[in-house]
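Report on one structure; see the data block that follows.
Derivation of every value follows stated rules applied to the coordinates shown; laboratory data play no part. Keep in mind that what you see is a predicted model, and the values were worked out from it rather than measured.
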């Protein structure tokens, strides 16, 4: 058994008997009693494993992997554990991992990896040993990214960006575990997928874009906007990679080169038709292009692509987004969130809603260059017209119910009147000859139109002789009516 001893100056030490039953101690310094007690428990486990000549338990092994080098070194001196493998710092290990992963990766992907790398350096420091980062520190790093994770200036990051940074960080440390540098990944489970921020999703209608295109500086800019809104091309890479040889005028199709998907088999190029508004913009830009131009967009490419014969890599939109925002303002509109992405999404929404014809979801997804799942999750937009259509449908249903109710009332009223006519024609209301007043349209209503059964048996005339009948028009209800002479004469009966 191990015990805790306390010196006069407040330092603490763990005293125990080794496998040779010789008393030894491990000095801890001035540490809290709670920490000293934790160390004592693990020392007992180490002593027991040493005497039994077996491996130490998983709980103690995990604890050993997280303790500082100084304390671990004391256990090495006592023969409890072998010397730690010398592991590198973040600044030594991560660049090697990125270099290895970059062999088959896109340059843009490497840029994103390096952003995650810089974030780790800012928080932990480049000289931090990778095996000294604890789970608690990993959680604190995730919270720090949310509040101060921006690279160019201190400030909060969006949740989607934090999720991506954490995914890349976990990937780095998974490689370290595979290489045997660390026993476990302290960042495991921290990359929670952020929900799509639907408040930034907007549908930009066709009329708005056509109006904005009128304020574009030239034909090339009008074509850029048309390729975004009426062809769904990706913001920069697909637009700037488009060549004149990719425009198949006779077939009215465009061969779109996609750097983002070319690593998938058969996904490097996709074919799209000339959607509305495209052909006239293409012709206008072609007529104004310089002789010998290779790429469709030449004058307004980012500065780093100017005068390059081949565009093998497009790293970002450069000044295209800034110029587009100015064009929007010049047209009198307020720039919307996700300036270019929402144009691509709006075009895809038009296709889904059948604006240009009915197409299968698989066809639309193929034209836009992604899966149906991605299309529905990130690109489909709800339009105001969708709400208007539901309101119109509700109004029609309400009107139909109202019409049906009115028709039902008319039928009910007619049935009631016919029943009254039938009863009166039979000489009474039911079997007891109760009074019937069905001749409501008569200028001189009858009184006592029904006699008791006793009076009928005695041959009494029907009705009041002092007030003769008048002819009533009930043919519309299917009942024949006969004239009645003076009450003193013979009376005809109403026959059914």
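Of interest is the spacing of the C-alpha centroids, which for segment 141-187 and segment 198-259 amounts to 35 Å. Its residue count N sets the reference 2.2 N^0.38 Å, and the alpha-carbon radius of gyration of segment 66-132 equals 1.47 times that reference. Here the translational diffusion coefficient of segment 199-314 follows from Stokes-Einstein with Rh set to the Kirkwood radius across Cα pairs; for 25 °C and 0.890 mPa s it amounts to 164 µm²/s.
Values of log10 I(q)/I(0) for segment 170-252 across q = 0.12, 0.18, 0.26 Å⁻¹ run -0.65, -0.87, -1.25, by the Debye formula with one identical scatterer at each alpha carbon and no solvent. Projected onto planes of every orientation and averaged, the convex hull of the alpha-carbon atoms in segment 98-175 covers 5.4 nm².
A Cα-only calculation for segment 1-87 places Rg and Dmax at 12.7, 38 Å. P(r) for segment 105-261, from all Cα pairs and a bin width of 5 Å, is 1, 7, 12, 14, 13, 11, 10, 10, 8, 6, 4, 2, 0 %, short bins first.
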